[in-house]
1. Against the definition (open to solvent by less than 20 Å² (accessible area, probe 1.4 Å), under 25 Å from Ser148 (Cβ atoms) and within 17 Å of the chain's Cα centre (by Cα)), how does Ile249 come out, yes or no?
2. I'm trying to understand the selection: among the residues of the stretch 181-198, which are open to solvent by 20 Å² or more (accessible area, probe 1.4 Å) and part of a helix (DSSP H, G or I)?
3. Would you please list the contacts, defined by Cβ atoms under 6 Å and residues six or more apart or on different chains, that run from a residue in the stretch 116-139 that is at positive phi to a residue that is part of a loop (DSSP other than H, G, I, E, B) and of a type outside the set (A, V, I, L, M, F, W, C)?
4. Does the stretch 114-123 contain any residue that is of a type in the set (S, T, N, Q) and modelled with pLDDT under 90?
5. If you scan the stretch 272-310, which residues turn out to be hydrophobic (A, V, I, L, M, F, W, C) and crowded, with 20+ Cβ neighbours inside 10 Å?
6. Using the structure shown, decide if Ser226 is at pLDDT 95 or above, out of contact with any strand residue (DSSP E or B) (no Cβ under 7 Å at 6 or more places or on another chain), farther than 20 Å from Phe152 by Cα and surrounded by 15 or more Cβ atoms within 10 Å (Cβ to Cβ).
7. Within the group Gly33, Gly50, Gly23, Gly96, which residue is open to solvent by less than 10 Å² (accessible area, probe 1.4 Å) and out of contact with any strand residue (DSSP E or B) (no Cβ under 6 Å at 6 or more places or on another chain)?
Amino acid sequence: MEFKHISVLLNESVDALDIKSGGIYVDGTLGGGGHSYEILSRNNNISLVGIDRDAEALEAAGQRLAAFSDRVTAVKGNFADIKSILKTLNIDFIDGAVLDLGVSSYQLDNAQRGFSYMHDAPLDMRMDKSASKTAYEVVNIYTKEELSRIFFEYGEEKWSKRIAEFIVEKRKTAPIETTGELVDIIKAAVPARARQDGGHPAKRVFQAVRIEVNGELSMLEDALKSFVSVLKPGGRLAVITFHSWEDRIVKNTFKTLAQGCTCPKDFPVCVCGNKAEIKIVTKKPILPSEEERDSNSRSKSAKLRAAEKL
């Protein structure tokens, strides 16, 4: 299957990097190489490190970026490990980075990866196929309380408790092995009247399980701080989110890092010693244009935030 992925907010995110000649840039979510291609096309005197957990994505990106091969270093890894990755490459600081936190179209459309509720396949959902935790483990081993929590927190699913109850009851007779089985259970759990609007009834649960399998939110705050720590002064970090929890983490982390003195206002001098590390470039998130939303339905929930190292 061909690796396809339409990069969301492509020009907006690369514009936000304010690319400088001679700079080193990082695409922490390489995917099919869309953002990397645009970054490298902007200036012929920059280099790029592309990181992805998915070996198939790295292979596809390598083909797409072949014309820039002398300026690209591809790394199989997790962007949360940016400091150790750069250390291995003998790079101390970078001039900018982009993170696209969405799932690629290839991963969603490739039935065998188990990400999609539209195809029947083994419960998997691993971005890194060498990782041990799969969707099968989450669905079949997690307690009712754990399932309900992740469905509610990561999927904002209002029927989270009822769906968790149905899953636990169903797996008493036999393990739940496929995405199709999980979809059927969700449909049975969600009342018919609630299934009439809001899109596919399994959408939010599948999102929640995927986030849990890949640890997408648990590592995000620390990852953002790590990226800021390796930026040169004036370097920028651009982050594209697709989920309200992701966006909230990015927003709050940027706000914390942009905050200076935290002493009470009536203190005559600062005693906390806290100094701002960044300035926020996007006071409000940048959203896809109406044209992009119409041409790519998966862009509708996307938000872009950017910050600059002081």
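1. Details: open to solvent by less than 20 Å² (accessible area, probe 1.4 Å): no; under 25 Å from Ser148 (Cβ atoms): yes; within 17 Å of the chain's Cα centre (by Cα): yes.
It is false that Ile249 is open to solvent by less than 20 Å² (accessible area, probe 1.4 Å), under 25 Å from Ser148 (Cβ atoms) and within 17 Å of the chain's Cα centre (by Cα).
2. So the first thing to find is which residues in the stretch 181-198 are open to solvent by 20 Å² or more (accessible area, probe 1.4 Å), and the list is 181, 184, 187-188, 191-198.
If the condition is that a residue be open to solvent by 20 Å² or more (accessible area, probe 1.4 Å) and part of a helix (DSSP H, G or I), then Glu181, Asp184, Lys187, Ala188, Ala192, Arg193, Ala194, Arg195, Gln196 are the ones that fit.
3. Close Cβ pairs satisfying both conditions: Met125/Gly114.
4. From the stretch 114-123, those of a type in the set (S, T, N, Q) are 116; that's our starting set.
Narrowing the set further to residues that are modelled with pLDDT under 90 leaves 116.
The answer is yes, given that some residue of the stretch 114-123 is of a type in the set (S, T, N, Q) and modelled with pLDDT under 90.
5. Keep residues of the stretch 272-310 that are hydrophobic (A, V, I, L, M, F, W, C), which gives 272, 276, 278, 280-281, 286-287, 302, 304, 306-307, 310.
Within the stretch 272-310, Ile278, Ala302, Leu304, Ala306, Ala307 meet the criteria.
6. Numbers: at pLDDT 95 or above: yes; out of contact with any strand residue (DSSP E or B) (no Cβ under 7 Å at 6 or more places or on another chain): yes; farther than 20 Å from Phe152 by Cα: yes; surrounded by 15 or more Cβ atoms within 10 Å (Cβ to Cβ): yes.
Criteria met by Ser226.
7. Numbers: Gly50 fails: out of contact with any strand residue (DSSP E or B) (no Cβ under 6 Å at 6 or more places or on another chain); Gly23 fails: out of contact with any strand residue (DSSP E or B) (no Cβ under 6 Å at 6 or more places or on another chain); Gly96 fails: out of contact with any strand residue (DSSP E or B) (no Cβ under 6 Å at 6 or more places or on another chain).
Being open to solvent by less than 10 Å² (accessible area, probe 1.4 Å) and out of contact with any strand residue (DSSP E or B) (no Cβ under 6 Å at 6 or more places or on another chain) holds for just one of Gly33, Gly50, Gly23, Gly96, which is Gly33.
This table checks each residue for (1) open to solvent by 40 Å² or more (accessible area, probe 1.4 Å); (2) under 21 Å from the mean Cα position of the chain (by Cα).
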{"residue": "Ile46", "(1), (2)": "no, no"}
{"residue": "Ala57", "(1), (2)": "no, yes"}
{"residue": "Ser69", "(1), (2)": "yes, no"}
{"residue": "Asp100", "(1), (2)": "no, yes"}
{"residue": "Met125", "(1), (2)": "no, yes"}
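The values are calculated or read from the model by the stated rules, or taken from the named source; none is laboratory data. Nothing here was measured: the structure is a model prediction, and the numbers come from that model. Here Cβ is always computed from backbone atoms with ideal geometry, including for glycine, and neighbour counts include all displayed protein chains. Accessible surface is based on the protein model in full, side chains and every heavy atom, while ligands, DNA and RNA are left aside. Shrake-Rupley method; radii C 1.70, N 1.55, O 1.52, S 1.80 Å.
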